[in-house]
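Visitor: Let me give you the structure first, and then I'll get to my questions.
The values are calculated or read from the model by the stated rules, or taken from the named source; none is laboratory data. Every value quoted in this text rests on a predicted model; they were computed, and no experiment measured them. Every residue, glycine among them, receives a Cβ derived from its backbone with ideal geometry; neighbour counts consider all protein chains shown. With ligands, DNA and RNA removed, areas are computed over all heavy atoms of the protein, side chains included. Shrake-Rupley method; radii C 1.70, N 1.55, O 1.52, S 1.80 Å.
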Amino acid sequence: METREMRYFVAVGEELHFGRAAQRLSMAQPPLSRAIQQLERRLGVVLLHRTARAITLTEPGAVLLREARLALEAVEAAERRTRRAAADRPGVVLAIKAGASKELLSTLLAAYAAEPCAVPVEVMLCGPGESEGLLRNGRADVALLQRPYDTTAGFDTEDLHTEPQVVVLPAGHPLANRAHIPFAEVKTLPDLPLPRWPRRDGSYRDGPGPQVRDHTQLFQLIALGLACAVVPESLRTQLREDHAIVPVPDAPAVTTVIAWPPHSRSKAVADLVHTATLL
């Protein structure tokens, strides 16, 4: 398959509408329809169920949509990393969720800068769940990710730090003075729903909690008594006096890892990873 065909199919598979997909691709609808039909004939499978009212993915179509996204990300990553390797001033781009692992990041940057072979490190701060995507599509060379919130499948990783989680409540809430709260109880608090974070495609799951995109927004909603959240214990440094935290002993522990593409041959990435493992 050509990358052009994969881009066509991803647009149709995500929009499930030929007209919207064609508009997104800045092309006419008839040639887009013909291209998908030709792709189906060449693969020998039906990728889409077409009716007068709707288009849906077949099982092979769902597989191709998933695989084509990954393939296109790999192509884009190769292009970006190739251009970066040709830059006059070599450097490393490190992606990390804004506000996460602040002390670890500061220590890592200081330790690496002291190395004689150090190159400039560009820190790319992003929203929850975005670091992984930046690493996959080549915008970042290395990332600090947090399991289980981030997916590390397909990356090489080194564990750096593991910590418990706490629930953040409004100050003065009846549960704020508890020694600890079971995770199951946190998930069912009637007056303080858990937040809903965006999925990779930007959509939100259904549920009663407020939609949030960053920790600043989240912590303000908690202070207003509109939500609670289970977060890594290290985020306590971002809280204000109108917040309270209570340990959640049975919540999954959060492990911060440094991750990089398994095919990377960058000496700068290797040196940065090595420095991180010595902290």
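Visitor: Just add up the charged neighbours of Ala259: K/R +1, D/E -1, any other residue whose Cβ is under 12 Å from the Cβ of Ala259.
Guide: Local net charge: -4.
Visitor: Okay, next question. Compute the signed sum of charges (Lys and Arg +1, Asp and Glu -1) over the other residues within less than 13 Å, Cβ to Cβ, of Leu144.
Guide: Charge balance in the 13 Å sphere: -4.
Visitor: Let me ask another. Return one whole number: the accessible area per residue of the chain in Å², for a 1.4 Å probe.
Guide: Value for the chain: 54 Å² per residue.
Visitor: Still on this structure, please answer the following. Using the charge dipole of the chain (Lys, Arg: +1 at Cβ; Asp, Glu: -1 at Cβ; taken about the Cα centre), state which of Leu43, Ile258, Val142 has its Cα farthest towards the positive end.
Guide: Farthest towards the positive end: Leu43.
Visitor: Among Pro120, Phe9, Val231, whose Cα lies farthest out toward the positive end of the dipole of the chain, if unit charges sit on the beta carbon of Lys, Arg (+1) and Asp, Glu (-1)?
Guide: Highest projection toward the positive end goes to Phe9.
Visitor: To the nearest 10 degrees, how steeply does helix 29-43 sit against the main Cα axis of the chain, on a 0 to 90 scale?
Guide: 90
Visitor: Also: How far apart, in nm, are the 7 Å Cα→Cβ label points at Ala110 and Arg80?
Guide: Result for the modelled spin labels: 3.0 nm.
Visitor: Return one number: the angle in degrees, 0 to 90 and rounded to the nearest 10, between the long axis of the Cα atoms of helix 102-113 and the longest principal axis of the Cα atoms of the chain.
Guide: 70
Visitor: What would the Debye equation give as log₁₀ I(q)/I(0) for the stretch 165-248 at q = 0.11, 0.15, 0.16, 0.20 Å⁻¹, counting only Cα atoms as equal point scatterers?
Guide: The Cα Debye sum returns log10 ratios of -0.26, -0.49, -0.56, -0.88.
Visitor: Answer rounded, prolate or oblate for the stretch 3-83, using the Cα gyration tensor with square roots of eigenvalues a ≥ b ≥ c: rounded when a/c is under 1.5, else prolate when a/b is larger than b/c, else oblate.
Guide: prolate
Visitor: With the Cα gyration tensor of the stretch 211-275 in hand, convert its eigenvalues to equivalent ellipsoid semi-axes via √(5λ) and list them largest first in whole Å.
Guide: 34, 14, 11
Visitor: Within the stretch 3-115, what whole-number % of the accessible surface is contributed by carbon and sulfur, with the 1.4 Å probe and all protein chains included in the calculation?
Guide: It is 53 percent, rounded to a whole number.
Visitor: Hey, another quick one. May I ask you to give the percent of accessible area on the stretch 165-248 that is carbon plus sulfur, with a probe radius of 1.4 Å?
Guide: Carbon and sulfur: 52 percent of the exposed surface of the stretch 165-248.
Visitor: Hey, another quick one. Arrange the peptides 220-230, 175-185, 57-67 so that the one whose residues have, on average, the most other Cβ atoms within 10 Å appears first.
Guide: 220-230, 57-67, 175-185
Visitor: With r defined as the distance between the Cβ atoms of Asn137 and Asn177 and R0 fixed at 45 Å, what FRET efficiency is calculated, to the nearest 0.05?
Guide: 0.50
Visitor: Out of (1) 34, 25, 18; (2) 38, 20, 17; (3) 38, 29, 14, which label holds the value of semi-axes √(5λ) of the Cα gyration tensor in Å that was computed here?
Guide: Step by step, semi-axes √(5λ) of the Cα gyration tensor in Å for this structure corresponds to label (3).
Visitor: A further question on this structure: State to the nearest 20 debye the size of the charge dipole of the chain about its Cα centre, where the only charges are +1 on K and R beta carbons and -1 on D and E beta carbons.
Guide: Rounded to the nearest 20 debye, it is 1080 debye.
Visitor: Turning to a different aspect of this structure: Return a whole-number percent for the relative contact order of the chain, with Cα pairs under 8 Å and 6 or more residues apart as the contact set.
Guide: Contact order relative to length: 21 percent.
Visitor: Rank His243, His274 by accessible area, highest first, at a 1.4 Å probe radius?
Guide: Largest to smallest exposure gives the sequence His274, His243.
Visitor: Please list 250-258, 138-146 highest first by mean number of surrounding beta-carbon atoms within 10 Å per residue.
Guide: In decreasing order of mean packing, 250-258, 138-146 become 138-146, 250-258.
Visitor: Place a point 7 Å from Cα of Gln238 in the direction of its Cβ. Which residues in the stretch 205-220 have their backbone N less than 15 Å from it?
Guide: 212-220
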